[in-house]
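*Asks:* Below are the structure tokens for one structure; questions will follow.
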Amino acid sequence: MDIPAAEARSLLAAARVARLATAGADGRPHLVPVTFAVEGDAVFFAVDAKPKRSQHLRRLRNIEDNPHVSLLVDEYDEDWARLWWVRADGVARVHRTAEVADRAHALLRAKYPQYAEVDVAAGPVVEIAVERLSGWRLSALG
């Protein structure tokens, strides 16, 4: 059963983690989990200070080569009547300016108390302009 757009937006905004799908100029898919925040039709995530091999991440290189991305959030339960997923397809942009980054960092800190301990401003911010939301659930959510 398709999920109505307003409910899909609400489920997306409430989800704690998403899977970000990107593809570079070579067309190879790349999938990583991200923490994120939603504001209107925009989704933000940041390259924070959690340990990484480098700040020059493949997801950022892919976005610069091909800005079309998808985010997927879902709920799995052994009671399959509770299964659902929501996908946000859009165009991503890497920001390194304070104006966008400050807004995104505030949204992320409000959603994730862990950012009181981890520097969310360690790297660039990505803004996804959502062009299409789609979703599915097995039955009505209780």
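*Asks:* Could you list which residues have their amide H under 5 Å from that of Trp84, counting only those 5 or more apart in sequence or on another chain, with H placed in the peptide plane?
*Replies:* Those lying under 5 Å, H to H, from Trp84 are Glu75.
*Asks:* Which whole-Hz couplings ³J(HN,Hα) result when phi for each residue of region 17-31 is put into the Karplus expression 6.51 cos²θ - 1.76 cosθ + 1.60, θ = phi - 60°, listed in order with x for Gly and Pro?
*Replies:* These are the phi-based 3J(HN,Hα) values: 8, 10, 9, 9, 10, 10, 9, x, 4, 7, x, 6, x, 9, 10 Hz.
*Asks:* Expected output is a single nm value to one decimal: the length gained when fully extending between Ala6 and Glu117, i.e. 0.36 nm times separation in residues minus the C-alpha distance. What is it?
*Replies:* Numbers: separation 111, 0.36 × 111 = 39.96 nm, distance 3.28 nm.
The span from Ala6 to Glu117 would gain 36.7 nm if fully extended.
*Asks:* In sequence order, what are the phi-derived ³J(HN,Hα) couplings for region 32-39 according to the Karplus relation 6.51 cos²θ - 1.76 cosθ + 1.60 with θ = phi - 60°, rounded to whole Hz, with x for glycine and proline?
*Replies:* Along region 32-39, the couplings run 9, x, 9, 8, 7, 9, 10, 9 Hz.
*Asks:* Name the residues whose placed amide hydrogens come within less than 5 Å of the amide hydrogen of Gly135, ignoring near sequence neighbours (fewer than 5 apart) on the same chain.
*Replies:* The list, which skips near neighbours in sequence, is Ile3, Arg87.
*Asks:* Taking the Cα centre of the chain as origin, work out the dipole magnitude from +1 charges on Lys and Arg Cβ and -1 charges on Asp and Glu Cβ, in debye rounded to 20.
*Replies:* 420
Here, each number is a calculation from the coordinates, and none is a lab measurement. This is a predicted model, so every value here is computed, not measured. Note that each Cβ is placed from the backbone with ideal geometry, even for glycine, and that neighbours are counted across all protein chains shown.
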